[in-house]
Amino acid sequence: MKLVFAGTPEVAVPALDALIASDRHEVAAVVTRPDAPAGRGRRLVASPVAERAEEAGIEVLKPARPRDEDFLARLREIAPDCCPVVAYGALLPKVTLDVPAHGWVNLHFSLLPAWRGAAPVQHSIMAGDEVTGASTFLIEEGLDSGPVYGVLTEEVRPIDTSGDLLTRLAFAGAGLLVATMDGIEDGTLHAVPQPAEGVTLAPKITVEDARVQWSAPALRVDRVVRGCTPAPGAWTVFRGERLKLIQAVPVLDRADLAPGELSAAKNNVYVGTGSHAVELLWVQPQGKKPMRAADWARGVRIVHGELLGS
């Protein structure tokens, strides 16, 4: 089939690479979000998908809105059979959805209908799921509600961050997306409506969502830290400044600390929660680089009874 691929961040690049490598399909163009300011200089930078497409000599389309007439005219001129999508980042109106004969097919990183929305992997980890996966589905105007072509499952490992899990799903999902394109082309694959039961939503994680509540149980603290790593980053407050929490693990044999209470030894830093303590392994103080929590504690000279979060 002739394809127009839509995607923006790094997580979409494995799927684009897999489609480019396929000997059954042609990636005629790529649709991505417009260049965005990045870095300290805030200069405009192309998306990872745009950079990869340009390296491969593929036409790149960057509409401000996917309903823009110039974009629609070019899309109709290309006349794609199907438009595979991975984390494009903009809602597609019906006038755009109607252009390709086989529609727009999204690779979504959850087992639909669970975790519909922008942050399925983060929510899966924060909810304590033991298994998640990826789904390909036909995009319709509802939020991730279209009929499903295929799924794969992936174990959520006890120390997975959202970054770890999303990387694995991006590569496994790339194969699923290519297989879905193959099945649509030869007519062997048909989308099945999602069940009405089991729908959960996964809205974008806000900075406030990522603030650790030390009154919560240790397992909840662990899930928030892992689910918010690398973005937006779990955090707390220490001496009036934000402290980013990069890695923390529950310590189930220690329950002598009040919620948020710090205890620092030579090589260990513990914090009380609503149940057991957690050990801080890596942190990032405001305005500084990530560091081992023990090094941070030595530098700030924690006072007995001092709290995080207040």
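When we screen Ala255, Ala264 for residues that are farther than 30 Å from Pro203 by Cβ, aliphatic (A, V, I, L, M), at pLDDT below 95 and crowded, with 19+ Cβ neighbours inside 10 Å, the only hit is Ala264.
Of all residues assigned to the stretch 2-10, at least one qualifies as being out of contact with any strand residue (DSSP E or B) (no Cβ under 6 Å at 6 or more places or on another chain), farther than 24 Å from His102 by Cβ and part of a loop (DSSP other than H, G, I, E, B).
The helices (runs of 4 or more DSSP H) falling completely within the stretch 34-133 that include 3 or more residues that are in contact (Cβ under 8 Å) with a residue 60 or more places away in the chain and open to solvent by less than 30 Å² (accessible area, probe 1.4 Å) map to 120-126. Considering only residues in the stretch 173-222 that are in contact with a strand residue (DSSP E or B) (Cβ under 8 Å, 6 or more places away or on another chain), among the small types (Gly, Ala, Ser) and part of a loop (DSSP other than H, G, I, E, B), the one that is surrounded by the fewest Cβ atoms within 10 Å (Cβ to Cβ) turns out to be Ala191. Note on the stretch 97-135: residues that are closer than 21 Å to Pro84 by Cα and acidic (Asp, Glu) total 1. Selection of the stretch 89-144 for residues being of a type in the set (D, E, K, R) and at pLDDT 95 or above yields Lys94, Asp98, Arg116, Asp129, Glu130, Glu140, Asp144.
Checking each residue in the stretch 150-171 for being open to solvent by 40 Å² or more (accessible area, probe 1.4 Å) and either among the basic types (Lys, Arg) or more than 20 Å from Cys82 (Cα to Cα) (or both) picks out Thr153, Glu155, Arg157, Pro158, Ile159, Asp164, Leu166, Thr167, Arg168, Phe171. At pLDDT below 95 and of a type outside the set (D, E, K, R), is that true of Leu44? Considered against the rule, which asks whether it is at pLDDT below 95 and of a type outside the set (D, E, K, R), Leu44 comes out as yes. From the list Ala179, Ala218, Ala196, the one residue that fits, being of a type outside the set (Asp, Glu), more than 29 Å from Leu107 (Cα to Cα) and over 21 Å from the mean Cα position of the chain (by Cα), is Ala218.
The values are calculated or read from the model by the stated rules, or taken from the named source; none is laboratory data. From a predicted model like this one, the values you see are computed outputs, not experimental measurements. Please note: Cβ atoms are built from the backbone with ideal geometry, for glycine as well, and neighbour counts cover all protein chains shown. Side chains included, ligands, DNA and RNA excluded: accessible areas come from the protein's heavy atoms. Shrake-Rupley method; radii C 1.70, N 1.55, O 1.52, S 1.80 Å.
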